[in-house]
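Just below is one structure, and these are the notes that go with it.
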Amino acid sequence: MQGNQSEVARLLQQITQEYEAATLGLTGLAYGTSQHAFITARMEHMSCLHEALAIHVGEMTATRLVCQHCFGEDVANLPVKGSNEAAEEKTKP
C-alpha cells in the first residue's frame, strides 16, 4: 500500500509541475506557435499522468485530485456530472 501512495504522490507532483509550466508558458517570452506548442505539450503530458493516476485511484478520484492540486479545493467539491445532484438539475422544470 505504501508504494501505491508514493506513486500517487509522485504523479500528483508531476501533474502540478506540468500545470505550473503551462501556466508560466502563457506569460513567457515566446509567442505564437512555439508558445502554443509548449502549452499543448504540457497539457498532453498532464493527460497521460492523469491516466496513470486513474489506474491507482480510479478515474473520478484522479480527476478530483488533479482539480484539487491545480485549481484549489473549491473545484474538487463541485458536483460530478451523472451524480444525483446533476440528475436532479435535469429534471427541474
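The values are calculated or read from the model by the stated rules, or taken from the named source; none is laboratory data. Quick caveat: nothing in here was measured; it's all calculated off a predicted structure. Note: ideal-geometry Cβ built from the backbone for every residue, glycine included; neighbour counts use all protein chains shown.
Could you grab me the full set of residues in segment 8-39 that are loosely packed, with under 15 Cβ neighbours inside 10 Å and either within 17 Å of Gly72 (Cα to Cα) or at pLDDT 90 or above (or both)? Scanning segment 8-39 gives Ala9, Arg10, Gln13, Gln17, Glu20, Thr23.
Checking each residue in segment 42-70 for being under 22 Å from Leu24 (Cβ atoms) and free of Cβ contacts under 8 Å to residues at least 12 places away in the same chain picks out Glu44, Ser47, Cys48, Cys67, Gln68. Mind checking which helices (runs of 4 or more DSSP H) fall wholly inside segment 45-93 and carry at least 3 residues that are modelled with pLDDT of 55 or more? Helices (runs of 4 or more DSSP H) meeting the threshold: 59-71, 73-76.
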